[in-house]
1. Report, please, the projected area of the range 29-206 averaged over directions, based on the convex hull of its C-alpha atoms, in nm².
2. So which aspartates and glutamates pass the test for K145, namely a Cα distance under 18 Å, with those fewer than 8 places away in the same chain ruled out?
3. Let me spell out the model: positive unit charges on the Cβ of Lys and Arg, negative unit charges on the Cβ of Asp and Glu, origin at the Cα centre of the chain. What dipole size does that give, in debye rounded to 20?
4. Determine, for M161, M118, the number of other Cβ atoms within 10 Å of each Cβ, and report the residues in order from fewest to most.
5. Could you tell me, in Å, what Rg and Dmax come out for the Cα atoms of the range 55-120?
6. Using only the Cα atoms of the chain, construct the convex hull and provide its projected area averaged over every direction, in square nanometres to one decimal.
7. Under a plain spin-label model, where a point goes 7 Å from the Cα along Cα-to-Cβ, how far apart in nm are H191 and I280?
8. Taking the beta-carbon count within 10 Å as an exposure proxy, list Y261, Y251, Y64 from fewest neighbours to most.
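Coordinate-derived values only; no laboratory data. All values derive from a computational prediction rather than experimental measurement. We place every Cβ from the backbone using ideal geometry, glycine too, and count neighbours over all the protein chains shown.
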Amino acid sequence: MNNLRLTRFCIGLVGLFLLISPLTSTATIIRLQTTLGVIDIKLHDETAPRTVANFFEYLKSNAYDRSFFHRTIPGFIIQGGGYVWNQTTNAVNTIAKLSPVDNEFSVTRSNVRGTIAMAKLPDKPNSATSEWFINLADNSADLNKQNEGFTVFGQVLGNGMQVADAIAALPRTNAGSVFSTLPIIGAIEDHKLQEKNLVIVSRITSNKTDTPENDSDRLFSYLEAFYSQYLSPANPLGSGQTVSATFENYYYRYYPITQSYVGIANGEVYYLGPASGNQIISIGTFSDWFEQAVAAGY
């Protein structure tokens, strides 16, 4: 390679890094897969570490799988994390509680619309366990002051609040006890609550505990849309067909027009193509890139 070509290549490669290297710090993003759609949430790992760690203890044990939103107050909050639907017995079970977590309320993490916070017992500021709620409005005037403040530990991303609002808009029924404002889907037949009546959280996943292929494909689609000069065409095989593949430990896509690859392995995102001298290079972590993709609506 002569000096002129080398210079042009280096300028191009530097431009690639400046253009597509993530500028945000690594953050945990969780995805609530609900009956009415997905809710993506960025967690405040650094500013609420004990609360995030407590949440992850439940997540890692799959305690939230098939949980449901058991309390809604339109214009205020929707609440979950306390109860699951048992498909074997067709009944409600209580999520087993771990030790309470110390309150980490801070005015820098206020209870405004689109935040997720821990629920707790009245007049017991350090009593939060498994239950959490999403603020539907700016509730800071009340929830920042009550019970020494309710700990906000995350922020809803993308279109997640549209799903939260849809849950809050459902009709409610008084099923007794803690279920006095239970959101329901459809009619309750023979006065017997069924799974189909509940807003189920089928699963909660995280960009730090697993990288499902569908999340990788969401990231690929984001990169294609924003960096088409490197990754083109966006859908080489046409609508509705599989465009991703697996090789060794890489999950990747190939772009014939730009003769480039983008792949994911071991939590890293890699590029291979003309801009890298046809060498495999890391362009950042999956968690950083995925945060940007979710924020962009992917």
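1. Numbers: hull surface 37.8 nm².
Over every viewing direction, the Cα hull of the range 29-206 projects on average to 9.5 nm².
2. D102, E104, D123
3. Numbers: 21 positive and 25 negative charges, 28 e Å.
Once rounded to the nearest 20, the dipole reads 140 debye.
4. The fewest-first ordering by Cβ neighbours comes to M161, M118.
5. Answer for the range 55-120, Rg first and Dmax second: 13.8, 44 Å.
6. On the way: hull surface 74.0 nm².
For the chain, averaging the hull's shadow over all directions gives 18.5 nm².
7. 6.5 nm
8. With the sparsest Cβ surroundings first, the list reads Y251, Y261, Y64.
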